[in-house]
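Working notes for the structure below.
Read-outs: derived from the displayed coordinates by stated rules, not from any lab. Being a predicted model, the structure only gives us computed values, none of them experimental. Note that we place each Cβ from the backbone using ideal geometry, even for glycine, and neighbour counts take in every protein chain shown.
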Amino acid sequence: MGLFDRFKKKEEKVNTSSKKEDVIFDLDSIDTSLSQDLYTSTIHTSRGITEQEKVLKEAETELKKEQIKLEKSERENEKIISDMRSRIDATYDLPGAKRARNVVAEEVSKIKYESKEQSFDEKYKLIQALETYTRMNLRPSENNDLKPSVYDLYKSLPENIKNKVFIPYYLEKKELGIATSDDLNKLNEIANTEEDKMSKNYISGLSVLDMLGIIDVLDNSYFSASYSKYSPVPREYVKDVSNSFKELCEEPKKPMTR
């Protein structure tokens, strides 16, 4: 073998050993666990917790700031309200305010008085009518609320009984606080001021008013302001006295004739 041939074989051997096969990589077969391990690594988790704590602390800080603002606002509002109350209290004793309050109080008292007086007049209008007609010595007409028969029955009573009829009327007005000076003068004219006799006269007067049919003494709404003060007996007792008066006022029956 010549020199040339040996060189050629050596070159072929070198070329053969240096030849490489093509390699194909499968992307699906690559293990992806590395990326997940990387994501959940100690370093990354610590960093996430730190970020959350930071956000939480910032939120707590903002909340405290808002609470401070709210408390400050409440204190300011309380101060404003306190200042307004002080201003109102300061004007309470001013002369103009006093006059205004006095006027209002007078008007309220006047309205209450008029309302009470109106209610009284409506409830006891028949007694008032009887007092007016008897004082004028005038007999009412048939179409009047106070019937002529009631007037006639009253006029037929003995004088010592007739004088007591209006005592409960004036005492009720007195206890209600609506009696005028004229009412009190009339009361003094017809009533004895001694307490024991006043009670007797009060009971007699109620009995006659019940007998006349002007009131129902068993109705507690009549003379409710004065009854407990001037009558030591129950209403049933007064009703019995009324029935006794009625029997006395009845005309005697004529004897039967054959």
Item to check | Using a Förster distance of 22 Å, the FRET efficiency for SER221-ASP121 (Cβ separation, nearest 0.05) | outcome: 0.90
Checklist entry - For the range 124-249, with equal point scatterers placed on the C-alpha atoms only and solvent neglected, what are the log10 I(q)/I(0) values from the Debye formula at q = 0.09, 0.12, 0.19 1/Å, to two decimals? => result -0.23, -0.41, -1.10
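Among the GluC sites (Glu not before Pro) in the range 132-228, which ones are in a DSSP loop with at most 10 other Cβ atoms within 10 Å of the Cβ? Mind listing them? If you can, show how the numbers build up before the last one.
Details: sites: GLU142, GLU159, GLU172, GLU175, GLU189, GLU194, GLU195; in loops: GLU142, GLU194.
Those satisfying the criteria are GLU142, GLU194.
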